[in-house]
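Written out below as structure tokens is the structure these notes cover.
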Amino acid sequence: MGIRRKIGSSKNPPILSHEFVIQNHADIVSCVAMVFVLGLMFQWSSPYASMFVAMQHNVTHVFNDTEIPDVTNYTCGKYDIFTIFFYLLVCVIIHAVVQEYILDKLNRRMHLSKVKHSKFNESGQLLFFYLVSAGWGADIAIRERYLLNLSSLWDGYPHTEMSFLLKFYFSIQIAYWIHIFPELYFQKIKKEDMGPRIRYATLYLVFITGAYAMNLTRLALVCLIIHYLVEALFHFARLMYFSDKNDIAKPGFFAWAVMFVIARFTTVTLAVLMFWFRLSKAENQEFDRASGNFNTPLIRFNVLSAICFVQAWMMWNFITFQLRRRREYLATVAPKKKAPGKAKEKKPKKEDKRSEKKES
């Protein structure tokens, strides 16, 4: 499916120029992804193409009892790089589709400024991703019974084997946050706007990839669900604000502020409960890369410190943001409190009148 060319781009730039790649990047990426899909149709290329399309590192458990079906689980490994690359291309295509058929149409109706236009597109893309990821993650957590039984987050660690949906979920998460970096080029993001996007994409990528590599996917899944729901609420309120629907935006921002604090507290509580209390009592506390065991005092301390530091940093940014908004609000309200008319002029005193007569 081709992506329509944006309105206003009637010029035909030279092939393989920067402008040509930016205008047609979705079609180019679609062709590259289609090469891997077509490779599955031929016998000689199917083994190579399946490395990109299908989940790798599968482990099948065969039961002798005919009533019990065979179970296929998955582990993490080096061949996941090929799978993540393919779904990185898919993320770029979906990004372009959402931008072209949803966000651009809304932008043309609202006539936003360039600054609001960029922020509106960012919030629209993130809202779509957060809602899909939170709903998908909640479905996996309910199927695997992680939410109803929190002890399953740490019992039996290391959790080297994952179900297909759980492995697929984390592969998509890693691919999405990697695709943010080429999108900075494709979307012509300004230099002053790149810093925050690179910062949060890097943090997501580091923590999700670290949890995936150290077999902490269960804890990461629950924390991502909580975090994504709160962030989705923020970007929804932000979109309402840009759409001049303040009656929806104000309660949305208030609900986000309350949920943000609860999410930070919940994430730190789960991390402390798992790394400080539960895994410290496990019998095997020796580093073993072959078995996927990272449960050592040093690693636990570093991981817990990193989680608490990021949560504290987010809380600090949240507090400074709220204080800045409060100052801006007071600055706009203060002039309105003053009387609209001019202040009454003071009557001159008798002594002043006498001095004026003498001078005259």
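Rank these by accessible area, largest first, 1.4 Å probe: 192, 122, 328.
Numbers: 192 125, 122 35, 328 105 Å².
Ranked list, largest accessible area first: 192, 328, 122.
As an exercise, identify the GluC sites (Glu not before Pro) in the stretch 228-313 lying in DSSP coil whose Cβ has no more than 16 other Cβ atoms within 10 Å.
283, 286
For residue 58 and residue 301, FRET efficiency with R0 = 41 Å and r from the beta-carbon atoms, rounded to 0.05?
On the way: r = 34 Å, r/R0 = 0.82.
Plugging the Cβ-Cβ distance into 1/(1 + (r/R0)^6) gives 0.75.
If R₀ is 41 angstrom, what is the calculated FRET efficiency for the pair residue 194 and residue 149, using the beta carbon separation as r and rounding to 0.05? Write down the numbers at each step before the final one.
Numbers: r = 42 Å, r/R0 = 1.03.
Once rounded, the FRET efficiency stands at 0.45.
Over all directions, what mean area does the Cα convex hull of the stretch 165-211 project, stated in square nanometres?
Mean orientational projected area (the stretch 165-211, Cα hull): 3.3 nm².
For the stretch 160-272, report the translational diffusion coefficient in µm²/s to the nearest whole number, using Stokes-Einstein at 10 °C, 1.306 mPa s, and a Kirkwood Rh over Cα pairs. Could the numbers behind the result be given before it?
Details: Rh = 15.9 Å.
In µm²/s, the coefficient is 100.
Taking only C-alpha pairs under 8 Å that are 6+ residues apart, what is the relative contact order of the chain in percent?
Once normalised by length, the contact order is 15 percent.
Rank 256, 285, 149 by how far each Cα sits towards the positive end of the charge dipole of the chain (+1 on Lys, Arg Cβ; -1 on Asp, Glu Cβ) and give me just the farthest.
The one lying farthest along the dipole's positive direction is 256.
Report the accessible area of residue 128, computed with a 1.4 Å probe over the heavy atoms of all protein chains in place, in Å² rounded to the nearest 10.
Counting only protein heavy atoms, residue 128 exposes about 90 Å² to solvent.
With +1 on the Cβ of every Lys and Arg and -1 on the Cβ of every Asp and Glu, and nothing else charged, how large is the dipole of the chain about its Cα centre, in debye rounded to the nearest 20? Mind showing how you got there, number by number?
Values: 45 positive and 28 negative charges, 756 e Å.
It works out to roughly 3620 debye.
Normalised by the number of residues in the stretch 175-274, what is the relative contact order in percent for Cα pairs under 8 Å and 6+ residues apart? Mind dumping the intermediate values first?
Working: 45 pairs, mean separation 19.7, N = 100.
The normalised contact order for the stretch 175-274 reaches 20 percent.
May I ask you to give the solvent-accessible area per residue for the stretch 172-232, in square angstrom, as obtained with a 1.4 angstrom probe?
39
Using a 1.4 angstrom probe on heavy atoms only, work out the carbon and sulfur share of the accessible area of the chain in %.
The computed percentage sits at 64.
Which entries of 116/167; 190/245; 114/250 show an alpha-carbon separation above 32 angstrom in the structure shown?
116/167
How charged is the neighbourhood of residue 179? Take every other residue with its Cβ under 15 Å from the Cβ of residue 179, and add Lys/Arg as +1 and Asp/Glu as -1.
So the surrounding residues net to -1.
Using the Cα atoms of the stretch 24-171, I'd like the radius of gyration and the largest Cα-Cα distance, Dmax, both in angstrom.
Considering the stretch 24-171 through its Cα atoms, Rg and Dmax are 20.0, 66 Å.
Using 0.36 nm per residue, how much length does the chain from residue 243 to residue 206 gain when fully extended, once their Cα-Cα distance is taken away? Before the final figure, lay out each step's value.
Working: separation 37, 0.36 × 37 = 13.32 nm, distance 3.37 nm.
Length difference between fully extended and current span is 10.0 nm.
Grab the beta carbon distance between residue 38 and residue 334, set R0 = 56 Å, and tell me the FRET efficiency rounded to 0.05.
Calculated transfer efficiency: 0.25.
Which whole-Hz ³J(HN,Hα) couplings does the stretch 40-54 yield from phi under the Karplus relation 6.51 cos²θ - 1.76 cosθ + 1.60, θ = phi - 60°, glycine and proline marked x?
6, 7, 10, 5, 6, 9, 4, x, 6, 5, 5, 4, 8, 8, 8
Between residue 273 and residue 31, what length in nm is gained on full extension when 0.36 nm per residue of separation is reduced by their alpha carbon distance?
82.4 nm
Would you pull out the residues with amide H under 5 Å of residue 72's amide H, same chain only if 5 or more places away, H placed 1.01 Å from N?
When sequence neighbours closer than 5 places are left aside, the close amide H contacts are 61.
Run the quick spin-label model on residue 110 and residue 181: label points 7 Å from Cα toward the beta carbon, then report their separation in nm to one decimal.
Distance between the two pseudo-spin positions: 3.0 nm.
Would you please name the chymotrypsin sites (Phe, Trp or Tyr not before Pro) within the stretch 194-253 that are DSSP coil residues with at most 16 other C-beta atoms within 10 Å of their C-beta?
Working: sites: 200, 204, 207, 212, 228, 234, 236, 241, 242, 253; in loops: none.
Answer in residue order: no site qualifies.
Name the trypsin sites (Lys or Arg not before Pro) in the stretch 220-302 that are in a loop by DSSP and that have at most 15 other C-beta atoms within 10 Å, would you?
Those that pass, being in a loop and sparsely packed, are 245, 289.
Expressed as a whole number of Å, what is the distance separating the alpha-carbon centroids of the stretch 249-316 and the stretch 99-138?
30
Can you send over the solvent-accessible area of residue 85, 1.4 Å probe, protein chains only, in Å² to the nearest 10?
Surface accessible to solvent at residue 85 totals approximately 90 Å².
Whole-Hz Karplus ³J(HN,Hα) for the stretch 317-330, in order, using 6.51 cos²θ - 1.76 cosθ + 1.60 and θ = phi - 60°, x for Gly and Pro?
4, 5, 5, 5, 5, 5, 5, 5, 5, 5, 5, 5, 5, 5
Show the residues, 5+ positions off or on another chain, whose built amide H is closer than 5 Å to the amide H of residue 293.
Under 5 Å from the amide H of residue 293: 288.
With N set to the residue count of the chain, report its C-alpha Rg divided by 2.2 N^0.38 Å to two decimal places.
Details: Rg = 27.9 Å, N = 360, 2.2 N^0.38 = 20.6 Å.
For the chain, the normalised Cα radius of gyration comes out at 1.36.
Rounded to whole Hz and in sequence order, give me ³J(HN,Hα) for the stretch 186-196 from the Karplus expression 6.51 cos²θ - 1.76 cosθ + 1.60, θ = phi - 60°, writing x for Gly and Pro.
Rounded to whole hertz, the list is 5, 8, 6, 6, 5, 4, 5, 8, 6, x, x.
Can you compute the helix-only [θ] at 222 nm over the chain? Use -39500 (n - 2.57) per DSSP H run of at least 4 residues, normalise by all residues, nearest 500 deg cm²/dmol.
Rounded to the nearest 500, it is -22500 deg cm²/dmol.
The values are calculated or read from the model by the stated rules, or taken from the named source; none is laboratory data. Predicted model only: the values in this text are computed from it and were never measured. All Cβ positions, even for glycine, are placed from backbone atoms using ideal geometry, and neighbour counts span all protein chains on display. Please note that ligands, DNA and RNA were not included when accessible areas were found on the heavy atoms of the full protein model with its side chains. Shrake-Rupley method; radii C 1.70, N 1.55, O 1.52, S 1.80 Å.
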